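A short write-up of the structure that comes next.
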Amino acid sequence: MRPARIALLALLPALSALAALLPTGLHAEPAPSLAPGDTALLFSLPAVNEDAALHMVAKTHVALSDMTGVSPGFPAKAVIVTFANAATPDSLYTGVERLYRKYSNRGARFVIIVSDNIEIAALSDRVGNLKLSYPVLHDRYRVVSSRYGVQAWPMTFVVNMDGDVDAIGMAKADFETAMDAILTDMLAQ
């Protein structure tokens, strides 16, 4: 045997011991990229319902920097970013619509980012049938959801006016109640 192969074989027990110390192994899912207090990662994505995007940021692509950070063009007190996929029920979209109607005039902005390889025509039909007032963005190749560390859908990130994450959570049955509590507190400041 060559000396290099012998050296590698000698390292195998040590490598096996090291691998045993790793709690999740080498093929573990990535940990969430953000935690409350972290600066939200910037994104710019095309809107499926362009009229809603034009109403919110005067463009057909919506960028987080349009609404938060140092000098946003369309400042918001809070931006609620909810990641969804093709399996997300319509009830989440309509729940966000109710929150939009309640809080948009108080400085809150809402977007849903659909992170799925769904055809744009199918997504456009779905969004059009729901008649949503807020933008639904398409992250077809899951670039943004991967950067945010989203591993389960729907997942919501609440971003404050400075561009920092205030809260992260799964959108569950009590989603609207939880968002009411968070937004009432954030928008009162």
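Summary value for the range 52-117: 32 percent relative contact order, contacts being C-alpha pairs under 8 angstrom separated by 6+ residues.
If you take the square roots of the eigenvalues of the alpha-carbon gyration tensor of the range 68-164 and sort them as a ≥ b ≥ c, do you get rounded (a/c under 1.5), prolate (a/b over b/c) or oblate? Oblate. By a 1.4 Å probe calculation restricted to protein chains, LYS77 has an accessible surface near 80 Å², given to the nearest 10.
Would you mind counting up the charge near ASP116? Only other residues with Cβ under 14 Å from its Cβ, with Lys and Arg at +1 and Asp and Glu at -1. Every neighbour counted, the sum reads +1.
Taking every C-alpha pair closer than 8 Å and separated by at least 6 residues, the mean separation divided by the residue count of the range 60-189 gives a relative contact order of 32 percent. Our coupling estimate for the range 164-169, obtained by passing each phi through the Karplus curve with A = 6.51, B = -1.76, C = 1.60 and θ = phi - 60°, is 9, 6, 9, 8, 9, x Hz, Gly and Pro reported as x.
The values are calculated or read from the model by the stated rules, or taken from the named source; none is laboratory data. A quick note: this is a predicted structure, and the numbers were derived from the prediction, not measured. Don't worry about glycine lacking a Cβ; one is built from the backbone with ideal geometry, like all the others, and counts go over all protein chains shown. Note: accessible area is taken over every heavy atom of the protein model, side chains too, but ligands, DNA and RNA are not part of it. Shrake-Rupley method; radii C 1.70, N 1.55, O 1.52, S 1.80 Å.
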